[in-house]
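Below is one structure, written out as structure tokens, with a few remarks after it.
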Amino acid sequence: MSYLLINFWFTRLEANKAAILALLMNRIGDWTFSMGIYIIVLLFGTLNFASIFSVAYATDENYITLICILLFLGAMAKSAQLGLNTWLPQAMEGPTPVSALLHAATMVTAGVYLLMRASPIFEYSDTILVIITLVGCTTALFAASIALMLNDVKKVIAYSTMSQLGYCFLACGISGYDIAIFHIVNHGFFKALLFMSAGSVLHALNDEQNTNKMGGLINILPFTYTVMLIGSLSLMALPFLTGFYSKDLILEFSYGQYLLKGSIGYWIGTTTAFLTSVYSIKILILTFMGRPNGPLSNYKFSHEPNLIMTIPLIFLAILSIFFGYILKDLFVGLGSDFWLNSIFIHPNHFKISDIEFSLPLIFKLLPLICSLLG
């Protein structure tokens, strides 16, 4: 299905190449995932979750690690983590609503969900948790660095997706599965808002994607600027917006582990937060501020989106502001039983309640300070 969506403009050579690349990269993940399932059947004789999870603790850790590595590679391909990420920016060849669908709500979220749902297996392999942590934080920093250097508005947002997914993998690596899912849900709202508002800009400028050929749109598209600003600020995790309640919690939880992997994740994640602010503000300035830099023909008939496009933008903007605040206690609140048995955390690993009130204030505020400095 993703192949067909990316290849929507099937007469374009680049769209064909992008769709084939996405298909091939995900086949790598599918193969490793299938091998993981095969070994599970050989080892446990069943694919029933309850049966596998109930005996995972008594299974040799080497077998558990092998299974987890194969499942993790499948998750990496789906969620475009470093090494299996090349398909993600190329998927921008599809229409903007397709980009919003793939990057905000469906395909890329599958890897994070897999790690969460298979937590009763992953929790019994310290090796794979370290690998997940390092891959996640490295991916976040790598993607943010690339986004900083690009001028294609859709590709910048695409790499920001990859970066935010890195945060989710970081959370899973430190046993914060509930925080990871909370962030992936929050991310869905402000990322869909960013893609749809970028689509509104492209629609107004004859599909121009180069931000160096934009500028001065704040007076022509004030509504689009407003909703894109909301999405960008939520992506930057500014206080009281949806992204703030999950992204900062991931970094707090990382440092609160008081382990090397947690400290590495915290400092890389904090650096990434700074870069995220820089490229988000850069896109807003190049697109909406200053003088028009594109050809007059692009600006001559520029206009705000019609009502059919405006209503979803308003809906997503509201959720990008309030969703995190309203549902934080349900997803990750102390004492919440929302997840029931869906998530398993090893008794030797930290939970949110273990670090909520013990973390020094400076380490809670540092990611926010870096975002504001950006």
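The values are calculated or read from the model by the stated rules, or taken from the named source; none is laboratory data. Remember, predicted model here, so these are calculated numbers, not experimental data. Note: ideal-geometry Cβ built from the backbone for every residue, glycine included; neighbour counts use all protein chains shown.
Residue pairs whose Cβ atoms lie under 9 Å apart, separated by 6 or more positions or on different chains, with the first residue in the range 190-208 and over 15 Å from VAL98 (Cα atoms) and the second of a type in the set (Lys, Arg), are LEU205/LYS213. Screening SER263 on (1) under 20 Å from LEU361 (Cα atoms); (2) surrounded by 24 or more Cβ atoms within 10 Å (Cβ to Cβ); (3) of a type in the set (Gly, Ala, Ser) shows it passes everything except condition (2). Looking across the range 1-41, just one residue is crowded, with 18+ Cβ neighbours inside 10 Å and aromatic (Phe, Trp, Tyr), and that is PHE33.
Consider the range 44-82. How many of its residues are under 30 Å from ALA19 (Cβ atoms) and free of Cβ contacts under 8 Å to residues at least 40 places away in the same chain?
The initial filter retains those residues of the range 44-82 that are under 30 Å from ALA19 (Cβ atoms), namely 69-82.
Then keep just the ones that are free of Cβ contacts under 8 Å to residues at least 40 places away in the same chain; that gives 70.
Residues in the range 44-82 being under 30 Å from ALA19 (Cβ atoms) and free of Cβ contacts under 8 Å to residues at least 40 places away in the same chain: 1 in total.
Does THR276 count as of a type in the set (Val, Ile, Thr), in contact (Cβ under 8 Å) with a residue 24 or more places away in the chain, part of a helix (DSSP H, G or I) and crowded, with 20+ Cβ neighbours inside 10 Å? Outline the logic, then answer.
Values: of a type in the set (Val, Ile, Thr): yes; in contact (Cβ under 8 Å) with a residue 24 or more places away in the chain: yes; part of a helix (DSSP H, G or I): yes; crowded, with 20+ Cβ neighbours inside 10 Å: yes.
Here the answer is yes, as THR276 does meet what is asked.
Of all residues in the range 329-356, those that are modelled with pLDDT under 75 have Cβ atoms under 7 Å from Cβ atoms of residues that are among the aromatic types (Phe, Trp, Tyr), 6 or more apart or on another chain, in ILE352/PHE253; ILE355/PHE253.
The set of residues in the range 42-64 being closer than 17 Å to LEU114 by Cβ, surrounded by fewer than 18 Cβ atoms within 10 Å (Cβ to Cβ) and either modelled with pLDDT of 90 or more or in contact with a Leu (Cβ under 9 Å, 6 or more places away or on another chain) (or both) is empty. So is PHE223 of a type outside the set (Val, Ile, Thr), part of a helix (DSSP H, G or I) and either without any contact (Cβ under 8 Å) to a residue 12 or more places away in the chain or surrounded by fewer than 18 Cβ atoms within 10 Å (Cβ to Cβ) (or both) or not? Yes; evaluated as a whole, the condition is true for this residue. Filtering the range 1-43 to residues that are touching a residue at least 60 places away in the same chain (Cβ under 8 Å) and outside any helix (DSSP H, G or I) leaves ASN7, PHE8, TRP9, ARG12.
Counting only residues that are closer than 15 Å to TYR177 by Cα, in a helix (DSSP H, G or I) and not small (Gly, Ala, Ser), the range 101-125 holds 10 of them.
Does VAL135 qualify as being touching a Ser or Thr at 6+ places or on another chain (Cβ under 6 Å), among the β-branched types (Val, Ile, Thr) and part of a helix (DSSP H, G or I)?
On the way: touching a Ser or Thr at 6+ places or on another chain (Cβ under 6 Å): no; among the β-branched types (Val, Ile, Thr): yes; part of a helix (DSSP H, G or I): yes.
Answer is no for this residue.
Hey, does the range 332-350 have a residue that's under 27 Å from the mean Cα position of the chain (by Cα), over 25 Å from LEU373 (Cβ atoms) and part of a helix (DSSP H, G or I)? Yes - at least one qualifying residue is present in the range 332-350.
For the range 226-250, what are the residues that are among the hydrophobic types (A, V, I, L, M, F, W, C), in a helix (DSSP H, G or I) and either modelled with pLDDT under 90 or more than 13 Å from SER371 (Cα to Cα) (or both)? Before the answer, list the steps.
Filtering the range 226-250 down to residues among the hydrophobic types (A, V, I, L, M, F, W, C) leaves 227-230, 233, 235-238, 240-241, 244, 249-250.
With the extra rule that they be in a helix (DSSP H, G or I), the set shrinks to 227-230, 233, 235, 244, 249-250.
Hits for the range 226-250 are VAL227, MET228, LEU229, ILE230, LEU249, ILE250.
Residues of the range 199-220 being under 15 Å from ILE281 (Cβ atoms) and not in a loop (DSSP other than H, G, I, E, B), which ones? If the condition is that a residue be under 15 Å from ILE281 (Cβ atoms) and not in a loop (DSSP other than H, G, I, E, B), then THR211 is the only one that fits.
Restricted to the range 289-327, and to residues there that are in contact with a Phe, Trp or Tyr (Cβ under 7 Å, 6 or more places away or on another chain) and at pLDDT below 90, the residue that is farthest from VAL201 (Cα to Cα) is PRO292.
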